[in-house]
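Contents: one structure, followed by commentary.
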Amino acid sequence: MATDIVRAMAQRGLLWPVLLVGLALVLPSWISNAGALKWTLWLCYGILALSLTLVWGVAGIFSFGQNAFFGIGAYAYAVAALNFYPSTGETLSALLIAACAAALFAAALGYVMFYGRVGDVYLAIVTLSFTLILYTVMSSTAGPEFRIGVAQLGGFNGMPSLPGIAMGGTELNIKALFAFVACAGAALYALVGFLVSGKYGEVLAGLRENETRMELLGYDVRLLKLLIFTLSAALAGVGGALFAAWGTFVNPAVFSLPQAALVAIWVMVGGRGSLAGAFVGVGTVQWVCDKADAIIAQQTPLVLGVILLIVVMVFPGGIVPTLRRLFQRISPKLMSRTVAGAASANDHLTMPAALVSTPSVRGTLAARDVGKRFGGVTVLDALSIEWGSEPIHIIVGPNGAGKSTLFKLLTGQLAATRGSIEFNNTAITHLPSFERARRGLGIKLQVPSVFLGLTVEQNVRIARMAPRHNRSAKASVETVLAAVALLPQRQTIAANLSHGEQQWLEIALLIAQNPSMMLFDEPAAGMTQEERRKTVELLRRLSEQHTIVVVEHDMAFVRALAAPIVMLYQGGIFKRGSFDELSADADVRAIYLGRKRAA
Amino acid sequence: MDTAVVVILSALTSIAILLLTSLGLAVVFGLMRIVNMAHGEFLMIGAFATTTLVRSGAMPLWMAVLSAAAFCALIGVVVEVAFIRPLHGRRLIDTLLATFGLSLVMYQIAVDIFGTASPGIDAPPGWLQLGRYSVSYYSLALPFIAVVVTLLLYLLFKSTRYGLLARAAAQDAEMASALGVEVRRVNLYTFVLGCALAGLGGALLSPVVAVSPGVGQSYIGQAFMTVVTGGPAFLLGTLSASALLGGVANVISQFSTNMWGLTGLLLVAAVLVRVLPRGLSGNWSRQL
């Protein structure tokens, strides 16, 4: 019983914080004031590093802005504490204000970046520029006019004589402050640990692994990123406030370039993906810097630069993940397990009685007069097409006919230059991808788009959790995986699946998403004869409840589906008909065989 | 009237400075997708090389400027071979962090050699008298130099063999190397060109700013914003972004303080990024 509780807590990352709190309450009586001061500082830095681990290691957004939010938190604490402490006798409100101020700045910056869809490298540059410009701005606030309430911003010299953490009119002494910061750190660690280990953790991992797939499943990637960015900024803000309270002082150096580098170094050294790594990284790097300072004084940037170079060039994984791998090698039981005695994937394809308990409404999709131009090139020209009258529709056409572009217009990955698109009789022409997905439009892309770094089971769980407008029933993870015969590999990392299996996994994501309309872009590409046969079987099964549109080159596959065919050529509809009609057509044959059409 | 002319001339000078400090970054990022975090330190090295050469009396300013650029190119060779090349194929963040580490090392070495403040050099003498105002010839010359440098780069990428190969490697490195382009060598040239441009920018700046080891860091934030808002056409995009951001920042600073000028630059850049996520040149059909 007791061990079960401990194990459950360990799984959700709650064990360390409890130990830390215990330590924080016992330790102060044993250590010196100087030790407590140093450790408090490291904990403040640890919270800052934790915020970068959350946004970068977990959600995959590299931000150089964490120390900007740390600095904003520090300044906000300073301003709030100087203004309120004399009257209220406490500075806990200032701590809260600091978190809010950092979150507010992050929300504004994040809105611009994520809703502007700034790419990852640009994001690093924009956040760094933000930090550097704050440095310059805060350095030039020396005049008496730069005052908030009674607090002078003080320009380059910063703001001295701040109140420390205080409750009931008295400030905490050094050791009490250490205990307070340790408890705060533990609480924040627990919060982050809880967040990243449950289903939110899986959503964040999906964000890190494959944004496009998340969007096509119906997740609002922009909003998710904005939320996690803002939350991590609030964390950094608390770290900064505690830092200001620790030193009773803040100056623009918190926004400087070496400080920005330092945060990245801590996280790199500790290990990007590990929460504990944040604190381990701070401890290691600060210890090395202290030792180095004793040998060659005043060379901190040099030491930091060399550490960063070594870590990037030689140990890109960091300390904690390296140790974990070592540990796993010693004790292989901790390695990811595979279900024993399971049959290999290709042995059989078991079809469960029903893939979903209630049939979803068959979707209809209509493109009217749509066109797409890239610069001067017209890829699609005034194309009108309707689907939903039959369970399966097929599109064929030579390369460059505009098939994939048409799919991208339908799912919203590209915006149409002209025309309108209707899904289930409502216009979706201007809706973003995720909104179309939520209404029940799913797509399997040509190149398998799954979450490569996650297990098969996690892949399907993320798809199941995707937000949808109609609350139709969801198939269980087992049913979905059984349908594509991937049940035996449920614990396998998707990257280790064969190409054909990855195609199947993506189809599984579609089944879990349960859209009323399913688009398949060359589902049989790279499959063996046998796999192709099974895919036909699966598509037919799915077409009992969903409308299916398939783009395919493989004529045997098309024939086996036995559905009405539309042939695209040079951005327009060239022929419609059954397989036999099209294959008998001389013009169609000429185009597919690359001969010039008879005039 | 005089005031208007002086305001415009001053804005042109800031635009030129922004352009000269951004071009190297833009070339390396535009063609190699590498964020050279040590760009600011290359600016700083160019500036220190110039002041050192001029103060020692070894050569006149123009020769010192060219030598500084050449010196930065040499350092660029070493950096590319030792740090950029081994990271080829890794995530973009890795080269960014590696060059960041390098920038810290270079900064500290400069502090150890030159101290935190150092004597500067004078701009070439001569003033243009405009009513109550006087404008130095040197600050008038900077816009011309900036335009000439941009033009030369345009010609380099438009009509030389290297330029064509570099653009090909940037578009599709794998295809380019399949067609026989030695991408490694092209990338080396591109990186070195970027470093030389940074050195040139720093050298040209040295007579008009206080040269210190931190001088690069005070320009790099703006340079980054310029490259981001410039977008994929790395020459003309950067030119237009410099004109816009530099113009706005300078005019605001002239009527209030430097702080509001920088804040204005940040806000304009933020609005631009929101409205045109791919930068000013995002929808242009040109590549340069």
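Key figures for this structure:
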| read-out | value |
| --- | --- |
| Single condition A:G164 does not satisfy, out of (1) away from chain B (no Cβ under 14 Å); (2) in contact with a helix residue (DSSP H, G or I) (Cβ under 9 Å, 6 or more places away or on another chain); (3) buried (at least 22 other Cβ atoms within 10 Å of the Cβ) | (3) |
| Some residue of the stretch A:520-528 being touching a His at 6+ places or on another chain (Cβ under 7 Å) and more than 28 Å from A:E435 (Cβ to Cβ) | yes |
| From B:G214, B:G201, B:G282, residue being closer than 23 Å to B:T99 by Cα and within 14 Å of chain A (Cβ to nearest Cβ) | B:G214 |
| Helices (runs of 4 or more DSSP H) wholly inside the stretch B:50-160 containing at least 3 residues that are farther than 27 Å from B:S242 by Cα and free of Cβ contacts under 8 Å to residues at least 40 places away in the same chain | B:92-114 |
| Residue in the stretch A:68-80 that is assigned by TED's automatic domain parsing to the domain that holds A:C183, without any contact (Cβ under 8 Å) to a residue 12 or more places away in the chain and assigned to a helix (DSSP H, G or I) present | no |
| Condition met for B:N283 (assigned to a loop (DSSP other than H, G, I, E, B), more than 20 Å from B:L153 (Cβ to Cβ) and among the polar types (S, T, N, Q)) | yes |
| Residue within the stretch A:475-491 that is in contact with a strand residue (DSSP E or B) (Cβ under 9 Å, 6 or more places away or on another chain), more than 21 Å from A:G60 (Cβ to Cβ) and surrounded by fewer than 21 Cβ atoms within 10 Å (Cβ to Cβ) present | yes |
| Subset of the stretch B:1-49 that is charged (D, E, K, R) and in a helix (DSSP H, G or I) - its residue that is nearest to the chain's Cα centre (by Cα) | B:E41 |
| Scan of the stretch A:131-156 for residues that are more than 7 Å from every other protein chain (Cβ to nearest Cβ), part of a helix (DSSP H, G or I) and either closer than 23 Å to A:V263 by Cα or of a type in the set (K, R) (or both), ordered by number | A:T131, A:L134, A:Y135, A:M138, A:S139, A:F156 |
| Total residues in the stretch A:431-470, condition without any contact (Cβ under 8 Å) to a residue 12 or more places away in the chain and either farther than 19 Å from A:I493 by Cβ or in a helix (DSSP H, G or I) (or both) | 0 |
| Exclusive hit being away from chain B (no Cβ under 14 Å), at negative phi, at pLDDT 85 or above and in contact with a Phe, Trp or Tyr (Cβ under 9 Å, 6 or more places away or on another chain), set A:A106, A:A49 | A:A49 |
| Test: residue in the stretch A:567-580 that is farther than 28 Å from A:K372 by Cβ, in a helix (DSSP H, G or I) and free of Cβ contacts under 8 Å to residues at least 12 places away in the same chain | yes |
| Residue match in the stretch A:252-271 (condition: in contact with a Lys or Arg (Cβ under 9 Å, 6 or more places away or on another chain) and touching a residue at least 12 places away in the same chain (Cβ under 8 Å)) | yes |
| Every pair of residues 6+ apart whose Cβ atoms lie under 6 Å, when the first sits in the stretch A:196-207 and is assigned by TED's automatic domain parsing to the domain that holds A:F229 while the second is of a type in the set (K, R) and surrounded by fewer than 22 Cβ atoms within 10 Å (Cβ to Cβ) | A:S197/A:R12; A:E202/A:R461 |
| Condition check for A:A99: under 30 Å from A:P321 (Cβ atoms), touching a residue at least 40 places away in the same chain (Cβ under 8 Å) and either more than 11 Å from chain B (Cβ to nearest Cβ) or assigned to a loop (DSSP other than H, G, I, E, B) (or both) | yes |
| Restricting the stretch B:221-253 to residues that are under 30 Å from B:A166 (Cα atoms) and among the polar types (S, T, N, Q), the residue that is farthest from the other protein chains (Cβ to nearest Cβ) | B:S240 |
| Only listed residue being under 23 Å from A:S129 (Cα atoms) and more than 14 Å from chain A (Cβ to nearest Cβ), chosen from B:A47, B:A58 | B:A47 |
| Residues located in the stretch B:254-275, provided they are touching a residue at least 60 places away in the same chain (Cβ under 8 Å) and within 11 Å of chain A (Cβ to nearest Cβ) | none |
| Residue within the stretch A:284-299 that is modelled with pLDDT under 80, surrounded by fewer than 22 Cβ atoms within 10 Å (Cβ to Cβ) and not small (G, A, S) present | yes |
| Residues located in the stretch B:1-32, provided they are more than 30 Å from B:L165 (Cβ to Cβ), of a type in the set (V, I, T) and in contact with a helix residue (DSSP H, G or I) (Cβ under 8 Å, 6 or more places away or on another chain) | B:V7, B:T13, B:I15, B:I17 |
| Any hit, the stretch A:32-40, residues being without any contact (Cβ under 8 Å) to a residue 12 or more places away in the chain and not in a helix (DSSP H, G or I) | yes |
| Residue match in the stretch A:142-153 (condition: touching a residue at least 60 places away in the same chain (Cβ under 8 Å) and either surrounded by 18 or more Cβ atoms within 10 Å (Cβ to Cβ) or under 27 Å from the mean Cα position of the chain (by Cα) (or both)) | yes |
| Qualifying residue in the stretch A:31-40 (condition: closer than 30 Å to A:G201 by Cα, among the hydrophobic types (A, V, I, L, M, F, W, C) and either surrounded by 24 or more Cβ atoms within 10 Å (Cβ to Cβ) or assigned by TED's automatic domain parsing to the domain that holds A:V118 (or both)) | yes |
| Failed condition for A:V288, given (1) over 20 Å from A:W42 (Cα atoms); (2) free of Cβ contacts under 8 Å to residues at least 40 places away in the same chain | (1) |
| Conditions (1) surrounded by fewer than 22 Cβ atoms within 10 Å (Cβ to Cβ); (2) in contact (Cβ under 8 Å) with a residue 40 or more places away in the chain; number of the one not met by B:A4 | (2) |
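Residue-by-condition table, conditions (1) part of a helix (DSSP H, G or I); (2) touching a Pro at 6+ places or on another chain (Cβ under 8 Å); (3) more than 25 Å from A:G388 (Cβ to Cβ):
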residue: A:E478; (1), (2), (3): yes, no, yes
residue: A:A485; (1), (2), (3): no, no, yes
residue: A:A495; (1), (2), (3): yes, no, yes
residue: A:W504; (1), (2), (3): yes, no, yes
residue: A:R533; (1), (2), (3): yes, no, yes
residue: A:R541; (1), (2), (3): yes, no, no
residue: A:Q545; (1), (2), (3): no, yes, no
residue: A:V549; (1), (2), (3): no, no, no
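The values are calculated or read from the model by the stated rules, or taken from the named source; none is laboratory data. Treat the numbers as computed from the prediction; the structure is a model and nothing was measured. Note that each Cβ is placed from the backbone with ideal geometry, even for glycine, and that neighbours are counted across all protein chains shown.
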